[in-house]
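Engineer: Below are the structure tokens for one structure; questions will follow.
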Amino acid sequence: MVKHYEFPDFVPNLELELHPEAIATNYLDSTAGLNNGFIVDNELRLLMSSFTLPKHHFYPIKVYKGAELLDYYWFHFLPDNFWEMIDYNTSYMELIKSSGEVIDGFVPILSKSEMVKLLNSIDWSLYLRIGQIYMKPEAAQYDLYKTDCLGSNILISKNLKDSITKAGLTGMEIKPFDKFSISK
């Protein structure tokens, strides 16, 4: 089993079969349990490789569409020093009821262990969502990031977004995420 927080000491043997009517895109949704990563074709792999990424590996994956074997990779990455780059003085979460009602609009982010402890202690009918995450300037070195246990958001730089758009790559929707910013 491949753990989401480390690289395996073997090359994973991953296979995926696309529905016969599916359209092969540059990015494939990786809801098949591939944490800290996603599935990309060779064109997107090459483009991403020209940017500054956290620790990562591209593992070949067998993707079939009928009898055809397509060229895809599982991009597995580990968010470098995420918790060390958070500005704890200004970042916060919000405690929300499942109905959407805000219970506490300012839950300070103190550390990863404190957030995990809080997540494990709250009632099942409540959840935490990102209020605002402010990162220290050194976070700007990366073109791709993940908010770790504060949500499952994959964040990319404007430069990477613009390159993906210019290349006409498909299979993903890129939306602004105004709850994350890097201090200058």
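The values are calculated or read from the model by the stated rules, or taken from the named source; none is laboratory data. What you see is a predicted model; the values in this text were computed from it and never measured. Here Cβ is always computed from backbone atoms with ideal geometry, including for glycine, and neighbour counts include all displayed protein chains. For the accessible areas, the whole protein counts, side chains as well, though only heavy atoms, and no ligand, DNA or RNA atoms are used. Shrake-Rupley method; radii C 1.70, N 1.55, O 1.52, S 1.80 Å.
Engineer: Based on the mean of other Cβ atoms within 10 Å per residue, sort peptides 114-125, 38-49, 151-162 so the most packed one is first.
Structural biologist: 38-49, 151-162, 114-125
Engineer: I've got another one for you. Could you tell me which of I182, W74, T52 has its Cα farthest along the dipole of the chain towards the positive end, charges placed at Cβ (Lys, Arg +1; Asp, Glu -1), taken about the Cα centre?
Structural biologist: I182
Engineer: Among the listed pairs K136/K161; K112/K161; K117/K184; K3/K62, give every one whose C-alpha distance is greater than 26 Å.
Structural biologist: The pairs that break the limit, which is 26 Å between Cα atoms, are K112/K161; K117/K184.
Engineer: Taking every pair of alpha-carbon atoms in segment 1-147, what share in percent sits in each 10 Å bin, from 0 to the bin with the longest distance?
Structural biologist: Taking every Cα pair in segment 1-147, the percentages come to 10, 30, 29, 23, 8, 0.
Engineer: Would you please report the Å³ per residue occupied by the convex hull of the alpha carbon atoms in segment 61-167?
Structural biologist: Expressed per residue, the convex hull around the Cα atoms of segment 61-167 is 176 Å³.
Engineer: Which shape class, rounded, prolate or oblate, goes with segment 137-184 when its Cα gyration tensor gives a ≥ b ≥ c as root eigenvalues, a/c under 1.5 marks rounded, and past that a/b bigger than b/c marks prolate?
Structural biologist: oblate
Engineer: Rounded, prolate or oblate: which fits segment 88-144, taking a ≥ b ≥ c as square roots of the Cα gyration tensor eigenvalues, rounded meaning a/c under 1.5, else prolate when a/b beats b/c?
Structural biologist: Judged from the Cα gyration tensor, segment 88-144 comes out prolate (a/c at least 1.5, a/b above b/c).
Engineer: Give the calculated FRET efficiency between S113 and S50 to the nearest 0.05, with a Förster radius of 30 Å applied to their Cβ-Cβ distance.
Structural biologist: It comes to 0.25.
Engineer: Compute the length gained on full extension between E17 and K136: take 0.36 nm times their separation in residues and subtract their Cα-Cα distance, giving the result in nm to one decimal.
Structural biologist: Length gained between E17 and K136: 38.7 nm.
Engineer: With every protein chain present, what is the per residue accessible area of the chain (1.4 Å probe, Å²)?
Structural biologist: Dividing the accessible area of the chain by its residue count gives 59 Å².
Engineer: In terms of the Cα gyration tensor, with a ≥ b ≥ c the square roots of its eigenvalues, is segment 5-83 rounded because a/c is under 1.5, prolate because a/b exceeds b/c, or oblate?
Structural biologist: Since a/c reaches 1.5 and a/b is larger than b/c, the shape of segment 5-83 is classed as prolate.
Engineer: Report in % the part of the accessible area of segment 46-184 that belongs to carbon and sulfur, leaving out ligands and nucleic acids; probe 1.4 Å.
Structural biologist: 53
Engineer: Further question: What whole-number distance in Å separates the alpha-carbon centres of segment 11-84 and segment 117-182?
Structural biologist: 18
Engineer: Subtract the Cα-Cα distance of N81 and S125 from 0.36 nm times their separation in residues, and report this length gain in nm to one decimal.
Structural biologist: 12.7 nm
Engineer: Each label point is 7 Å from the Cα along the Cα-to-Cβ direction; what then is the distance between the points at K175 and E43, in nm?
Structural biologist: 2.5
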